[in-house]
Amino acid sequence: MNTPCLHRLHSFHGPFTWPWRLPLAAVMLITIALLTACKNESVVAQAPASPVLDVPADARGHYCGMFLTEHVGPKGQVRVRDVAAPLWFTSIREIFSFLAAPDEPNAVTGVYVQDMGRRRADGSFPPEAWIDARSAWYVIGSGAQDFPAADDAMPFATQADAEAYRVRHGGTVVTFATMPQAFVSAGSGALPAGDGASTGGTSS
């Protein structure tokens, strides 16, 4: 099936006869212009949605249903095509569970997590802490007691920051692509009410 752009290309004065009625240079210029338009349309269609920088006070976890402000540690958000608000996640493990679930939306246009390297001294995260989850580095299986939640993946913007965290707290450094399915499956996906909750936590 022809794409709209290619359809325009082939329908200009007929699919075969029109090139011979114009000078070769003109034919080349028209072809380049149409192919460039096709490329630009593709880029626009595939452009990822930007993260929501400021977490709303009423944001709730997609699985656990609890307010993000009731959880400490890095949060996540998933942008879905044609949905204005992101899906919020109170743990990083939940994001991987969501992406692996066959019954969840598959029109994902962006996945973002909070960079532990930008965490403030009080445990909160500034707006600029949101990073692309697919390019982040994660520490899993660490013995850190920073958060009361079940063992979660700690995301970092750089490999150096992830390695430094691993040296201090143990664990293994992995990427988005190499996140072990066994680690994702070991989590409950939807944390039971009360797990990982902290009344004094904040996410913004």
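The values are calculated or read from the model by the stated rules, or taken from the named source; none is laboratory data. This is a predicted model, so every value here is computed, not measured. Please note: Cβ atoms are built from the backbone with ideal geometry, for glycine as well, and neighbour counts cover all protein chains shown. When the accessible area is computed, the model is the full protein with side chains, heavy atoms only, and any ligands, DNA or RNA have been set aside. Shrake-Rupley method; radii C 1.70, N 1.55, O 1.52, S 1.80 Å.
Figures for the structure shown
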| read-out | value |
| --- | --- |
| Distance (nanometres) between label positions extended 7 Å along Cα→Cβ at residue 99 and residue 121 | 3.4 nm |
| 68, 53, 99, ranked by accessible area, largest first (probe 1.4 Å) | 53, 99, 68 |
| Sparse-neighbourhood loop sites, trypsin sites (Lys or Arg not before Pro) in segment 48-122 - DSSP loop, at most 16 other Cβ within 10 angstrom | 81, 120 |
| Gain upon complete extension [residue 85, residue 159; 0.36 nm per residue less C-alpha separation] | 23.6 nm |
